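Here's the structure we're looking at; comments come further down.
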Amino acid sequence: MSKRPMPQFFEPDTQSFWDATKEKKLLYQDCVDCDEVVFTPRAHCTICGSDKLVEKESKGEGTVYTYSVVRQNRNPAFADLGAYALAYIDLDEGFRMLSNVVNVENPLTDVSIGQRVRVVFEEQEEGDYLIPLFEPI
Ligand SMILES: [Zn+2]
């Protein structure tokens, strides 16, 4: 259980993404007109501006593009975490997302660029939306 800050719902562009987290699904979008992968979810394609975007479910596996270890976060929601790895994850479907690498003994030594990871969903103290995080495969 965690108490991370959450969006204010209803959230027009990302509501379906968050709804899918309740079923432990990680969604991204594909543009029908130009085939571009779009993330984070939005109303229009970031390349061609089309509004013909379809949602797809990611397998939730990818690679650590880069990361940093936060040793201390004074935000009360993160204070109990101790040191944690903040990372950009390149998902196999072709989008990049900012998240944490969790379930490692020591984030200073157990996370690396190029490391294979898979999504895990973290329950929150309030609400039933889950936060997508990543752990080593
Ligand atoms: Zn497009």
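Here is how the numbers come out for the structure above:
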{"item": "In region 56-73, the residues that are open to solvent by 60 Å² or more (accessible area, probe 1.4 Å), closer than 16 Å to residue 134 by Cβ and not in a strand (DSSP E or B)", "result": "59"}
{"item": "Qualifying residue in region 123-137 (condition: closer than 25 Å to residue 15 by Cα and in contact with a helix residue (DSSP H, G or I) (Cβ under 6 Å, 6 or more places away or on another chain))", "result": "yes"}
{"item": "Residue match in region 75-82 (condition: surrounded by 12 or more Cβ atoms within 10 Å (Cβ to Cβ) and in contact with a strand residue (DSSP E or B) (Cβ under 7 Å, 6 or more places away or on another chain))", "result": "no"}
{"item": "Residue check, residue 99 open to solvent by 40 Å² or more (accessible area, probe 1.4 Å) and either modelled with pLDDT of 95 or more or touching a strand residue (DSSP E or B) at 6+ places or on another chain (Cβ under 7 Å) (or both)", "result": "no"}
{"item": "Tally of residues being in contact with a strand residue (DSSP E or B) (Cβ under 7 Å, 6 or more places away or on another chain), under 19 Å from residue 120 (Cα atoms) and assigned to a loop (DSSP other than H, G, I, E, B) across region 15-38", "result": "2"}
{"item": "Some residue of region 35-45 being away from the ligand (no atom under 16 Å from the Cβ) and either in contact with a Phe, Trp or Tyr (Cβ under 9 Å, 6 or more places away or on another chain) or open to solvent by less than 80 Å² (accessible area, probe 1.4 Å) (or both)", "result": "no"}
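The values are calculated or read from the model by the stated rules, or taken from the named source; none is laboratory data. Please read all numbers here as calculations on a predicted model, not as lab measurements. Every residue, glycine as well, gets a Cβ built from its backbone with ideal geometry; the counts of neighbours run over all protein chains shown. All accessible areas refer to the heavy atoms of the entire protein, side chains included, with ligands and DNA or RNA removed. Shrake-Rupley method; radii C 1.70, N 1.55, O 1.52, S 1.80 Å.
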